[in-house]
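Participant: Following this message is one structure expressed as structure tokens.
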There are 2 protein chains.
Amino acid sequence: MKLDTLRDLLVAELKDIYSAENQILKALPKMAGAATSTQLKTAFETHLKETEGQVKRLEQVFEKLGRSPSGKTCKAMQGLVEEGNELLKEDADPEVLDAALIAAAQKVEHYEIASYGTVRTYAAQLGDADICALLQQTLDEEGATDKKLTQLAEGCVNLAAAA
Amino acid sequence: MKLDTLRDLLVAELKDIYSAENQILKALPKMAGAATSTQLKTAFETHLKETEGQVKRLEQVFEKLGRSPSGKTCKAMQGLVEEGNELLKEDADPEVLDAALIAAAQKVEHYEIASYGTVRTYAAQLGDADICALLQQTLDEEGATDKKLTQLAEGCVNLAAAA
């Protein structure tokens with residue numbers, strides 16, 4: 001893949017996050033299934049639905065760019081998901097596992113926050129206002145999910161794990 | 001590794017970020033070497049020195065806990081670093097590569113922000129004020145590095161890549 005222009009880089013980064021989102025779609029049901037806290041289970045299920053919408057939004061972006069979303073495997077997300085899968089095999093107390101699941105999910109959220117922040121800025125600097133707005137919408141959702149997970153951790157899950 | 005208590009999870013997460021930091025120590029000189037912008041090169045070199053201090057700070061934390069920092073390989077950071085290494089092999093315009101290096105570095109920073117935010121909160125909730133303060137210091141540095149990279153990207157590097 002040639003990276004001659006900022007637009008080439010925009011497309012490359014979008015393919016990366018498209019691959020990442022599709023990996024997250026497969027990981028979230030496992031995380032929801034492993035969670036003991038009902039609130040955490042619901043948070044993962046809600047974020048699964050949101051992620052389906054984010055994938056569709058990315059497909060709209062690719063359509064606007066006249067490019068295909070496929071062709072890249074996000075290796076960083078492979079590593080993040082693998083760490084989550086390892087967690088599910090640990091000999092863990094259920095409340096401690098919930099806290100660990102939140103930690104793993106927040107690492108995933110932060111990957112997305114960094115990535116969507118980057119492509120949103122590229123789109124803005126390239127004058128693609130429509131694409132910028134779509135990516136900003138997802139960035140806002142990822143930020144809100146991260147905050148919700150922090151509230152869940154600090155408000156109840158970590159306290160249950162420490163008890 | 002058994003995860004019976006929040007303290008077990010604190011140690012497991014600290015081992016993960018210790019492995020991550022050590023991988024970053026090896027990656028940063030390559031990223032500095034590949035950067036064309038003098039400001040970006042300097043930012044990577046400054047962050048390398050800062051990372052050396054963060055590793056020492058983690059060693060202090062392990063000493064306070066009476067635990068060893070070794071025993072875990074952070075697979076997420078392996079993926080993040082591999083993506084960075086792939087970038088260095090791309091057929092890329094030097095200014096576009098600079099923008100891509102910033103994107104890769106910000107994904108690494110966000111992994112650390114998520115991770116240090118998590119362990120800082122665990123330490124606070126477990127009443128380990130000294131450890132909490134050490135981890136907060138690193139978290140603040142990672143946040144500042146991420147902001148500096150955003151300023152570099154938006155202020156000059158992306159504009160050079162788009163030119």
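The values are calculated or read from the model by the stated rules, or taken from the named source; none is laboratory data. If you're wondering where the values come from, they're calculated on a predicted model, not measured in any experiment. Neighbour counts are summed over all protein chains in view; Cβ atoms, including those assigned to glycine, are modelled from backbone coordinates with ideal geometry. Remember, those area values only see protein heavy atoms, side chains included, never the ligands or the DNA or RNA. Shrake-Rupley method; radii C 1.70, N 1.55, O 1.52, S 1.80 Å.
Participant: Counting only pairs 8 or more residues apart or on different chains, how many lysine pairs in segment A:24-107 have their Cα atoms under 14 Å apart?
Facilitator: Here the count comes out as 5.
Participant: Sort shortest first the distances from residue B:88 to its counterpart in every other copy, using label points 7 Å along the Cα-to-beta-carbon line, and give them in nm.
Facilitator: 3.4
Participant: Can you tell me the FRET efficiency between residue B:156 and residue A:147 if r is taken as the Cβ-Cβ distance and R0 is 35 Å, rounded to the nearest 0.05?
Facilitator: Given R0 = 35 Å and the Cβ-Cβ separation, E is 0.65.
Participant: Right, something else. Taking a point 7 Å out from Cα toward Cβ as the label site, list the nm distances between residue B:48 and the same residue in every other copy, smallest first.
Facilitator: So the label point of residue B:48 gives 4.5 nm to the other copies.
Participant: Given Cα pairs under 8 Å that are at least 6 residues apart, what percent is the relative contact order of chain B?
Facilitator: Values: 153 pairs, mean separation 46.4, N = 163.
Answer for chain B is 28 percent.
Participant: Next up: With r as the distance between the Cβ atoms of residue B:91 and residue B:60 and R0 = 30 Å, compute the FRET efficiency 1/(1 + (r/R0)^6) and round to 0.05.
Facilitator: Numbers: r = 44 Å, r/R0 = 1.46.
Efficiency at R0 = 30 Å is approximately 0.10.
Participant: Then there's this: Taking a probe of 1.4 Å and counting only protein heavy atoms, give the total accessible area buried between chains A and B in Å², rounded to the nearest 100.
Facilitator: Numbers: alone 8470 and 8490 Å², together 13330 Å².
So the buried area, both faces added, is about 3600 Å².
Participant: Let me ask another. Any idea what log10 I(q)/I(0) is at q = 0.21, 0.31 Å⁻¹ for segment A:1-56, Debye with uniform C-alpha scatterers and no solvent?
Facilitator: Listed by q, the Debye log ratios stand at -0.75, -1.12.
Participant: Something else: Would you tally the net charge around residue A:38, using a Cβ to Cβ cut-off of less than 11 Å, leaving residue A:38 out, and scoring K and R as +1, D and E as -1?
Facilitator: -1
Participant: Put one equal scatterer on each alpha carbon of the protein assembly as shown, apply the Debye formula with no solvent term, and list log10 I(q)/I(0) at q = 0.07, 0.13, 0.16 1/Å to two decimals.
Facilitator: Relative scattering, expressed as log10 I(q)/I(0), comes to -0.27, -0.94, -1.38.
Participant: So the label point sits 7 Å from Cα along the Cα-to-Cβ vector; using that for residue A:68, what distances do you get to the other copies, in nanometres, sorted shortest first?
Facilitator: Nearest to farthest, the other copies are at 4.9 nm.
Participant: Across the residues of A:98-106, average count of Cβ atoms on other protein chains within 10 Å?
Facilitator: That works out to 4 on average.
Participant: Right, next: Just the Cα atoms of chain A: what Rg and Dmax do they give in Å?
Facilitator: Spelled out, the Cα radius of gyration and Dmax of chain A are 16.8, 55 Å.
Participant: Moving on. Give me the distance in nm between label points sitting 7 Å out from Cα along the Cα-to-Cβ direction at residue A:2 and residue A:39, one decimal.
Facilitator: 5.4 nm
Participant: Highest GNM mean-square fluctuation, chain B, Cα pairs closer than 10 Å: which of B:65, B:87, B:28?
Facilitator: B:65
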